[in-house]
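Written below as structure tokens is the structure these notes are about.
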Amino acid sequence: MVGVMFYPLTLTPVVHGHINRLDSPWSVTGIGQAQFWDVRDFPADYGDGRARDCLSVIVSEWDKPGTLYGKTARECTKEEVVAECWAQLKDALNDSGGTTLTDDDRLGWFMDPAVIGLGGPDPRNREQLLIHPTGTLYNRPTARTAVPNFFLAGDYIRTDVDLATMEGAKESARRAVNALLDADNSDVERCEVWELYRPPEMKPLKRADELRYKLGLPNTFDLG
């Protein structure tokens, strides 16, 4: 996976929530950052006052041709990856009769420096995202251990997020602090821990997918 950040000009925010373009060749996802920093005045605090949001984008599929150059993400240069990501985002967000993104909205971009060798014979990501294998959640330790004064935190801890991310690490840290306060019988207010929202509308699709998996059939939305 590779992360690219764009600095849009006029969008506040780019979109509420998370962008998940299911039909994009590169499985592009994205999220606007300004919506999570309500204590910040984005134009005043960042840049020269023109930027109103930072759009973080992730390429998940490296081995399928894109729409601009007909090349996979592995084969593209950094500049081509950026142009391809932007094109796929515009295609996703401008398909409902309105225009959410235009080329004039983009002020600049930044790519994760851990991604090296793009456009060359040996493209690599030195900081790959770890996806926990299915069924391993209950094999991971909790923040509180059997040792009374020993607590754990990090993205490897059993959390509701269940993903090696900053969000998972943050949740584990909150759970570790709460466990420490519990062990000390402290009356200090506990850290808030949020459960990952799982839309109830998805439950029928999950049950259908589980049944298809047991029958040896592909996922309903599998285009491969």
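Descriptive notes on the structure:
- Which listed residue is under 21 Å from Arg124 (Cβ atoms) and either among the basic types (Lys, Arg) or part of a loop (DSSP other than H, G, I, E, B) (or both), from Glu84, Glu61: Glu61
- Test: residue in segment 98-112 that is part of a loop (DSSP other than H, G, I, E, B) and under 26 Å from Leu163 (Cα atoms): yes
- Options Thr142, Thr67, Thr134: the member that is more than 21 Å from Gly168 (Cβ to Cβ), part of a loop (DSSP other than H, G, I, E, B) and among the hydroxyl-bearing types (Ser, Thr, Tyr): Thr67
A quick yes/no check of all residues on (1) exposed (fewer than 12 other Cβ atoms within 10 Å of the Cβ); (2) of a type outside the set (Asp, Glu); (3) at pLDDT 90 or above:
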| residue | (1), (2), (3) |
| --- | --- |
| Arg144 | no, yes, yes |
| Val147 | yes, yes, yes |
| Glu167 | no, no, no |
| Lys170 | no, yes, yes |
| Leu180 | no, yes, yes |
| Ala183 | no, yes, yes |
| Arg198 | yes, yes, no |
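- Residue in segment 84-112 that is modelled with the lowest pLDDT, counting only those that are surrounded by fewer than 12 Cβ atoms within 10 Å (Cβ to Cβ) and within 21 Å of Ser27 (Cβ to Cβ): Ser96
- Test: residue in segment 73-82 that is surrounded by 14 or more Cβ atoms within 10 Å (Cβ to Cβ) and more than 21 Å from Gln128 (Cα to Cα): no
- Tabulated pairs, segment 42-59, first on the phi > 0 side of the Ramachandran plot, second open to solvent by 60 Å² or more (accessible area, probe 1.4 Å) and outside any loop (DSSP other than H, G, I, E, B), C-beta under 9 angstrom, 6+ apart or interchain: Gly47/Tyr7; Gly47/Leu107
- Summed over segment 165-200, the residues that are of a type in the set (S, T, N, Q) and in a helix (DSSP H, G or I) give a count of 2.
- When segment 113-131 is limited to residues that are in a loop (DSSP other than H, G, I, E, B), open to solvent by less than 40 Å² (accessible area, probe 1.4 Å) and hydrophobic (A, V, I, L, M, F, W, C), the one that is nearest to Leu55 (Cα to Cα) turns out to be Ala114.
The values are calculated or read from the model by the stated rules, or taken from the named source; none is laboratory data. Being a predicted model, the structure only gives us computed values, none of them experimental. Here Cβ is always computed from backbone atoms with ideal geometry, including for glycine, and neighbour counts include all displayed protein chains. Just so you know, the surface numbers come from the protein's heavy atoms only, side chains and all, with ligands and any DNA or RNA stripped out. Shrake-Rupley method; radii C 1.70, N 1.55, O 1.52, S 1.80 Å.
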